[in-house]
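J.: Have a look at this one before I ask anything.
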Amino acid sequence: MQNGMYTDRERCVRAVQSKDARFDGWFFTAVLTTGIYCRPSCPVVAPKPENMTFQPSAAACQQAGFRACKRCRPDTSPGSPEWNQRADLVARAMRLISDGVVDREGVPGLATRLGYSTRQVERQLLAELGAGPLALARAQRAQTARLLIETSDLPMADVAFAAGFASVRTFNDTVREVFALSPSELRARVTGKNGPARPGDTVTPATRATPATPGTLHLRLPFRAPLNPDNLFGHLAATGVPGVEEWRDGAFRRTLRLPYGHGIVALTPRPDHIGCRLTLSDLRDLSVAISRCRRMLDLDADPVAIDDQLRTDPLLAPLVDKAPGRRVPRTVDEAEFAVRAVLGQQVSTAAARTHAARLVTAHGDPVADPDGGLTHLFPSPEALAAVDPESLAMPRTRRTTFTTLVGQLADGSLHLGVESDWSEARARLLDLPGFGPWTVDVIAMRALGDPDAFLPTDLGIRRAAQELGLPSTPAALTARAAAWRPWRAYAVQYLWATDSHPINFLPV
């Protein structure tokens, strides 16, 4: 799909008339006669084409005076795949807004992180999304408020401030404007006073039991089908660091370091959504925690577009047809993953987990987990920079790599985050001692989120290539993989899946 799809009126009308869920999040349908906006797959009778207008974001719809449809709940659509496949200013800004930067640091903070003036950022967002950073952040606050209203028994004043609103009055006005219901009416719809929640809702009455643990919420994370959970959850579970991550009772669980506190999340694959049980020490971290979990599971990907491209290679096509919808297992913390990539250089998965577990036990912040075996947050770069290098059980050259990396992450001379420019980050990493193409590209793929990152020197990739009849030398394989662009990171998942390694199988 191309950027600015919402401007292709004929294509948008066809998508709405066919109720095609693949387009949810790509654009929104604003209906002139009703004043509501919907996702393309809204189950109600499609409006007449002359009554449809199309917008690139929920914020643009709200800014134009439309309110969210109560049936299809467009505010809970999967995010646009564009923000994951692009590295330009608008995409980087959208990832930062999703991570709550505007609420915490304001528009000037957003612009500073991006290295542009506030005027440049606002102009580009308005041009492409029809809304500026404040309106986009407001739309996210409204969605967070709805989640808290429907999934908790918090007093409304607490919901307002946890969602990021400056006052209860602004919270009430925004909820009424966006959803055409008061906060209490939204809560009543879920508790059953005005009828049960619908099956596609973020929460159902069955999941809305009063949580046993304060700050615990039960959510549904939507995705575009198909989604193959095997390599996604298999990889996260097989490489999980003891104390920080675990597979328990059919869910991947891990601790989260968040702006206002910490959290523990349990993510369970379901046929039509990901079950998410989230326990937060500070509810202001809700939207950030959801955003990071979605990013870790690559839930905003467009699997149909990706798989269609990879199927054009006759040697990849059987792998795609056998198990379509593979995602790239990513991370909730880019700096953490970079450290773990160094720990995993030239050692087995088990050895890498052991090295990481030692660091966690010695230098991680302890957390309480009454429901399982999670004990710590992964150590921060500042904590790791203070470690005595002589205490590290690794070869001297890798010790230098490790200490240089954590030192630069701690002092801010190297920053890895959702706003990172992928090319610039690659160049900075390659300048570090001990960082070769494999380490840089695995960080680009799984931490920075570059969908076109490729690992032609990886032993598993070369073994799979040889088995399939693809070129097995790095240069020849890279040349062949040019046809897979811009989705080479997904091709890596299909090639890895030819092996019997535990990363490829859903744990039992």
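The values are calculated or read from the model by the stated rules, or taken from the named source; none is laboratory data. Predicted, not measured: the structure shown is a model, and the values here were computed from it. Don't worry about glycine lacking a Cβ; one is built from the backbone with ideal geometry, like all the others, and counts go over all protein chains shown.
J.: Restricting to the range 481-505, name every residue that is surrounded by fewer than 16 Cβ atoms within 10 Å (Cβ to Cβ) and either closer than 25 Å to A305 by Cβ or basic (K, R) (or both).
T.: A482, A483, R485, P486
J.: What single numbered condition from (1) over 21 Å from M296 (Cβ atoms); (2) modelled with pLDDT of 90 or more; (3) surrounded by fewer than 22 Cβ atoms within 10 Å (Cβ to Cβ) fails to hold for F54?
T.: (3)
J.: Determine which single condition Q466 fails, assuming it passes every other condition in (1) within 14 Å of A341 (Cβ to Cβ); (2) more than 20 Å from the chain's Cα centre (by Cα).
T.: Exception for Q466: condition (1).
J.: Out of the residues in the range 219-244 meeting the condition of being among the small types (G, A, S) and more than 17 Å from S500 (Cβ to Cβ), tell me which one is modelled with the lowest pLDDT. First the steps, then the outcome.
T.: Going through the range 219-244, the residues among the small types (G, A, S) turn out to be 225, 234, 237-238, 240, 243.
Filter once more, so that each one left must be more than 17 Å from S500 (Cβ to Cβ): 225, 240, 243.
Numbers: A225: 91, G240: 96, G243: 97.
It comes out as A225.
J.: Please find, among D388, D369, the residue that is out of contact with any helix residue (DSSP H, G or I) (no Cβ under 8 Å at 6 or more places or on another chain), over 28 Å from T216 (Cβ atoms) and outside the structural domain of S98 (by TED's automatic domain parsing). Give the steps one after another, and end with the answer.
T.: Values: D369 fails: over 28 Å from T216 (Cβ atoms).
After applying the criteria, what remains is D388.
J.: For the range 246-265, what are the residues that are assigned to a strand (DSSP E or B), in contact (Cβ under 8 Å) with a residue 60 or more places away in the chain and farther than 17 Å from V508 by Cβ?
T.: Listed by number, the residues that qualify are R254, T255, L256, R257, H262, I264.
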